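Below is one structure; the comments refer to it alone.
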Amino acid sequence: MSSPQTSHAYGVGLIALLVAVGASTIFYTSYYLPESLAKPSVSEHILHPTETFVIEIVMGAVNEGADNYVPNKPTITLEQNNLVKWINLDDTPHTVSPDHRTSDSYSGDFGSDGVLMPGEEYEFLFTEPTEIHYHCQPHPWMTGVIIVEKGRF
Ligand SMILES: [Cu+2]
């Protein structure tokens, strides 16, 4: 037969255990789960490709008929060069704007926020195969395409 003292301690212990279980459940469902579901798991090789692929907005790109986004229709490969950087080497502000809204499930919406001033860059990490047609907002005759393909492994 247990003394009232012992059964009281037992009761406190049980309550502490229930509170702990409840707290971990709340943490798991309200913090851990949404966090882990929000971002798809992406392989380290895709998150850290070996090369950055550079697309230059060349000097004189503003002129209709001139070269603008160079290279203009490259194919890049996941795990190799899927981090892409557009650099504005022209003396006019330009944008990198998708023809149709498009997003990567890891990196979000594609496209520069506002204009790239001369010398500025826009970087985007592609994590899925896609083909994006894009243009410059103030100069719609400036167009480019980027194709992203799966890695070989
Ligand atoms: Cu432009």
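Here is how the numbers come out for the structure above:
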{"item": "Residue list for the stretch 114-153, restricted to those being under 14 Å from the mean Cα position of the chain (by Cα) and within 16 Å of the ligand (Cβ to nearest atom)", "result": "122"}
{"item": "Breaking point among (1) within 14 Å of the ligand (Cβ to nearest atom); (2) under 22 Å from the mean Cα position of the chain (by Cα); (3) not hydrophobic (A, V, I, L, M, F, W, C), for residue 48", "result": "(1)"}
{"item": "Hey, residue 142 surrounded by fewer than 15 Cβ atoms within 10 Å (Cβ to Cβ), in the same structural domain as residue 60 (by TED's automatic domain parsing) and among the hydrophobic types (A, V, I, L, M, F, W, C) or not", "result": "no"}
{"item": "Enumeration of residues in the stretch 62-88 that are on the phi < 0 side of the Ramachandran plot, within 15 Å of the ligand (Cβ to nearest atom) and loosely packed, with under 15 Cβ neighbours inside 10 Å", "result": "63, 64, 66, 70, 72"}
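The values are calculated or read from the model by the stated rules, or taken from the named source; none is laboratory data. All values derive from a computational prediction rather than experimental measurement. Note that we place each Cβ from the backbone using ideal geometry, even for glycine, and neighbour counts take in every protein chain shown.
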